[in-house]
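Right, one structure below, let's go through it.
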Amino acid sequence: MKNKNKLLLYLSASFALVSTAHTQEKDKPELSAMSVLGNKVEKLNLSPGLKSSLPANKIPQSFSVMSAEQIKTQGLKSVGDILDYTPGVTNSQGEGHRDAAVIRGMRTTQDFYRDGVRDDIQYYRPLYNVDQVEVLRGPNALVSGFGGGYGLINRVSKKGVIGESFNVASASVDTFGETVFSLDNNYELDENKALRVNMFGENLENHRDFYYGDSFGVNPTLRMDLGGSTLDLSYEYLNQERFIDRGIPTSDTTGFPIKSFKDTFFGDPAENYSTHEAHIFRLLYEHELTDAFTGRFSATYNDHDKLYKNLYANDYNEAAPTVVELDGYLDTTQRSTAIFSYEVDGQIETGGIVHNLIAGIEYLSMNNDNDRYYAHFSDAASDGRIASGKAWRFSREDFLISAQPLHHAGFNSAGDVSFNTYGEANSSNDDTHAENSVFSIYLQDEIELTDSLDLVLGVRFDNMDTDVVSIGKPAQGSPVTNLSDSDDTISPRAGFIFTATEQLSAYVSYSETFSPLAGDQYASLKESYSYVDPKSFENTEFGIRYDLLSGLSFAASYFEVNSNTPAYNVAAATYSKSEQEITGFELQLVGSITDKWFISAGYTDTDAKKTDGTPLREVPESVFSIWNNYLVTDKLAINLGVINQGESHIKDGSAQKLPSFTRVDAGANYALTENTTLGLNIENLTDELYFPHSHSTHQVSVGAPINAMFSITSSF
C-alpha cells in the first residue's frame with residue numbers, strides 16, 4: 001500500500017484527538033438511539049447553493065435528498081452507493097477511477113457539485129465531510145450554467161457549529177479486509193467562532209484479485225458569526241490511490257458478460273492504478289443587505305493532479321477462447337479552477353403579489369492540461385494490429401488468459417516475451433492545454449400568484465470561451481494546433497406549482513441548458529466547433545407530491561428530455577445533428593410509515609433512444625430500489641434494502657448487454673451506550689452473481705458477492 005505511511009500518521013492523529021476529546025466532559029452530547037438509528041428524520045429541503053428558496057413541495061422539479069444520518073445507517077461508502085438507491089439515476093463504471101452517473105438516460109462525469117459549485121474533475125468523491133447529498137433530475141441552468149442537461153449531483157459540506165463542542169469517531173471493517181476511519185470534531189473557540197475538523201483514512205479491498213486502495217483526507221472549516229453576517233472558510237486536502245479494474249469480456253454469441261471470467265483480472269497489477277492529489281479552498285460570506293434581502297459571496301479554488309494508467313480487455317473471440325487482446329494507456333490531468341459568484345436573495349411585494357427573487361453573477365476560470373500515452377507492445381506491429389491510419393499506435397496484443405496475472409513482461413499468445421512501455425519515443429501521445437472561462441448572469445423570480453398558485457421564471461446568460469493548444473503527437477512530427485470556441489447562450493426555465501391542499505401539490509415545468517462541444521473534460525476541440533452551437537437539452541416535466549400526516553412523502557413525475565449534438569463539415573459546408581429522445585416516469589416514497597418504520601423507495605421507467613430508434617447505452621427500462629429501517633427496541637434497529645435493475649445495452653444499440661439483477665442488502669444498528677453505536681451491514685445477502693455496470697464492450701464490472709461490514713461510532 002503506497003500511502004500506508006500517511007494512513008498511519010492519520011490514525012495516530014485520530015487517536016490523539018479522540019483522547020483529547022474524551023476529557024471534554026462538559027460538552028459531551030448524548031446520542032439517542034432514535035437519532036443514531038435514523039428513524040425520525042426531518043423532511044430535507046435543497047441547500048441554498050442550489051438557488052431555490054422554495055419548500056420541497058413547491059419545487060417544480062424531481063429531486064432526491066439523502067442525509068448523512070441515512071448514509072451512515074445504511075452503510076453507504078461512496079457516491080455510487082447513494083445512486084444505487086436514487087430513482088432516475090444509475091451508475092456507470094467510470095473506467096474504475098472516477099464517479100460516473102447515468103442521469104435520465106445520459107452518461108456524465110461532469111455534473112458533480114459541491115455546495116452548488118462545480119466539481120467536475122474525474123475522481124472518487126469521499127463522504128466523510130458531507131451533511132447531505134442532493135440529486136436534481138432534469139436541466140437546471142440556474143445552477144449549472146453549462147452541462148447539467150439531464151440533472152446534477154450536489155454534496156453539501158459540513159460546517160462549523162457555533163455554541164457547541166462535539167467529537168465523533170467512526171471506524172469500520174468488512175469481510176474483504178477493507179478498513180475505514182473517520183473523525184468529526186467541532187470546537188467552540190468562543191461565542192462567535194467554531195472550528196470543525198473532519199478527517200478520514202481508508203485501506204480499500206474487495207473481491208477482485210490484486211485490488212487495493214489508500215485514501216486520506218482532512219478538511220478543517222472555520223465558521224465566524226460577524227453579527228448579521230457569517231463567514232465560512234474551508235481547506236481540504238485529498239490524497240488517493242487505487243487499483244483500476246476495467247472488468248471482464250462479453251460473449252460474442254450471447255452478448256452477455258462471460259460468467260466463467262468472474263474471478264479473472266484482465267490487466268497488469270503493476271500498470272493498473274490511479275493517483276489523485278487535491279487542494280481545495282472554499283470561502284462563503286453571507287450577510288444581510290436589508291431587512292428583506294441577503295447577499296451570498298462564494299469563492300472556490302481547487303488544484304487537482306490526477307494520473308491513471310491501465311491495461312484492459314479490448315477484444316475477445318470465443319473461437320479462440322484461451323487468449324485475450326489487451327490495450328492500454330497512461331493519462332494525466334493537471335487542473336486548477338477558480339470560481340467566484342455573488343448572489344442576492346430576497347422578497348418583495350408588488351400589487352399584492354409576493355416575489356422571491358434570486359439574482360447573481362458568476363465567473364469561472366480554468367486551466368486544464370492533459371496528456372495521453374498509449375501502450376507499446378514490442379511485437380504488436382508484426383501481429384498486424386496497427387489501427388488503420390494510426391501507424392503511430394503500437395498497441396493491442398494477445399495474451400494467454402491462463403498466464404495470470406497478465407504481466408507486462410509476461411508471455412503473450414505466441415509464447416514470446418512482450419514488453420509494454422509508455423513514452424513519446426514509443427507510443428502515441430496526445431498533449432493538450434486548455435483554458436476555459438465562463439461569465440454568467442442569472443435571475444429567478446418565484447412568484448406567489450395566489451395562495452394556491454406559484455409561478456417560477458428563471459433565465460441564465462453564459463458567455464463561454466475555450467482555447468485549446470493541441471501539441472498532437474510530437475514523436476510523429478504532428479504540428480501544434482490552436483483551436484478556439486466561443487458561445488453565448490441563454491437558458492430559460494419556467495414552472496407552475498398548484499397547491500391543492502397543505503399535503504397535495506402538482507407542477508409542470510420546462511427548462512433548457514447546454515453543454516460545450518469540447519467535451520465534459522474540456523480537452524477536445526475541432527475546427528468545425530466554431531461553426532455550430534453547443535449541445536442543447538430541453539426538459540418538460542409534470543409531477544405531483546403528496547405528504548401524509550405520518551411524515552411519509554410521495555412524489556411522481558413524468559419527463560421528456562430532448563437533446564441534440566450538432567456537427568459541421570467544413571469542406572462540404574453541411575450541418576447535421578444527432579438527436580436523442582428520452583421519456584419516462586419516476587416514483588419516490590420517503591419518510592416514516594410509523595414512529596418505528598422509515599422507508600426510502602424509488603421506481604424509474606425510462607425509454608431512451610436516438611431518433612432513429614437506437615437504444616442509448618446503460619439505460620435500463622426499469623429500476624426499483626427500496627430501503628427500510630425498523631426500530632425493534634429503543635436500542636436496536638434493523639435494515640432491509642432491495643435493488644432491482646433491468647437489462648441494458650453496453651453501447652448505444654449494441655448486441656452486448658448487462659443482464660438484469662436483484663440485490664438484497666440487510667443490516668442492524670445497536671445503541672451500545674448513550675454515546676456508542678454498533679452497526680452491521682450485509683451487502684448482497686443472497687450472494688447473487690451480478691454485473692452492475694460497464695464502460696464499454698469487454699469491460700463489464702463484476703458485482704461483489706455477499707460481504708459484511710462491521711462499524712462503530714462513538715461520541716465524546
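Any read-out appearing in this document is the output of simple, stated calculations on the displayed coordinates, not a laboratory observation. Only a predicted model underlies this, so the values are computations on that prediction, with no experimental measurement involved. Counting neighbours? That spans all protein chains shown, and the Cβs are built from the backbone with ideal geometry, glycine included.
What aspartates and glutamates sit close enough to residue 159 to cross-link, taking a C-alpha to C-alpha distance under 17 Å and skipping anything fewer than 8 places away on the same chain?
Of all the aspartates and glutamates, those that pass the test against residue 159 - Cα under 17 Å, at least 8 places apart if same chain - are 69, 115, 131, 134, 184, 188, 190, 191, 225, 232, 236, 286.
With an 8 Å Cα cut-off and a minimum separation of 6 or more residues, compute the relative contact order for the chain in percent.
On the way: 2075 pairs, mean separation 95.9, N = 716.
Contact order relative to length: 13 percent.
Within a Cβ distance under 12 Å of residue 74, other residues only, what is the Lys/Arg minus Asp/Glu net charge? Write down the numbers at each step before the final one.
Details: positive: 72, 77; negative: 69, 81, 84, 665, 683.
Result for the local shell: -3.
For region 209-276, report the % of Cα-Cα distances exceeding 16 Å.
Values: 1546 of 2278 pairs.
More than 16 Å apart: 68 percent of the Cα pairs in region 209-276.
How compact is region 272-369 by the rule of thumb for globular proteins, expressed as Cα Rg over 2.2 N^0.38 Å? Display every interim value, and only then the final one.
On the way: Rg = 24.9 Å, N = 98, 2.2 N^0.38 = 12.6 Å.
Against the compact-globule rule of thumb, the ratio is 1.98.
When the distances between all Cα atoms of region 551-621 are binned every 5 Å from zero, what whole-number percent does each bin get?
The distribution over region 551-621 is 4, 13, 16, 14, 12, 11, 9, 7, 5, 3, 3, 2, 1, 0, given as percents.
Per the Debye formula with a single identical scatterer at each Cα and no solvent contribution, what log10 I(q)/I(0) holds for region 582-643 at q = 0.17, 0.25 Å⁻¹?
-0.66, -0.99
Report, in deg cm²/dmol and to the nearest 500, the calculated mean residue ellipticity at 222 nm for the chain, where each DSSP H run with n ≥ 4 adds -39500 (n - 2.57) and the sum is divided by the residue count.
Numbers: 5 runs with 41 residues, N = 716.
-1500 deg cm²/dmol, from helical runs alone.
Would you tally the net charge around residue 711, using a Cβ to Cβ cut-off of less than 11 Å, leaving residue 711 out, and scoring K and R as +1, D and E as -1? Let's see the in-between values first.
On the way: positive: 72, 77; negative: 174.
My count for the surroundings of residue 711 gives +1.
Can you give me the pair-distance distribution of the chain, C-alpha pairs, 20 Å bins, whole percents?
Histogram of Cα-Cα distances, whole percents per bin: 16, 51, 29, 3, 0.
With 30 Å as the limit, write out which pairs from 72/309; 58/158; 51/77; 51/309; 262/651 have Cα-Cα distances beyond it, or answer none. Could the numbers behind the result be given before it?
Values: 72/309 32 Å; 58/158 26 Å; 51/77 28 Å; 51/309 38 Å; 262/651 21 Å.
The pairs that break the limit, which is 30 Å between Cα atoms, are 72/309; 51/309.
Please report how far the C-alpha centroid of region 240-267 lies from that of region 76-134, rounded to the nearest whole angstrom.
Centre-to-centre (Cα) distance: 22 Å.
How big is the Cα convex hull of region 515-670 in projection, averaged over all directions, in nm²?
Details: hull surface 51.9 nm².
The directionally averaged projection comes out at 13.0 nm².
In Å, what Kirkwood hydrodynamic radius results for region 602-716 from the alpha-carbon pair distances?
After inverting the pairwise mean of 1/r, the radius is 16.4 Å.
Summing Lys, Arg as +1 and Asp, Glu as -1, what charge do residues with Cβ under 12 Å from the Cβ of residue 626 carry, residue 626 excluded?
Numbers: positive: 663; negative: 84, 665.
Once all neighbours under 12 Å are counted, the net charge is -1.
What whole-number value in cubic angstrom gives the convex hull volume per residue for the C-alpha atoms of region 103-238?
Details: hull volume 18.0 nm³, N = 136.
Output value, Cα hull per residue: 133 Å³.
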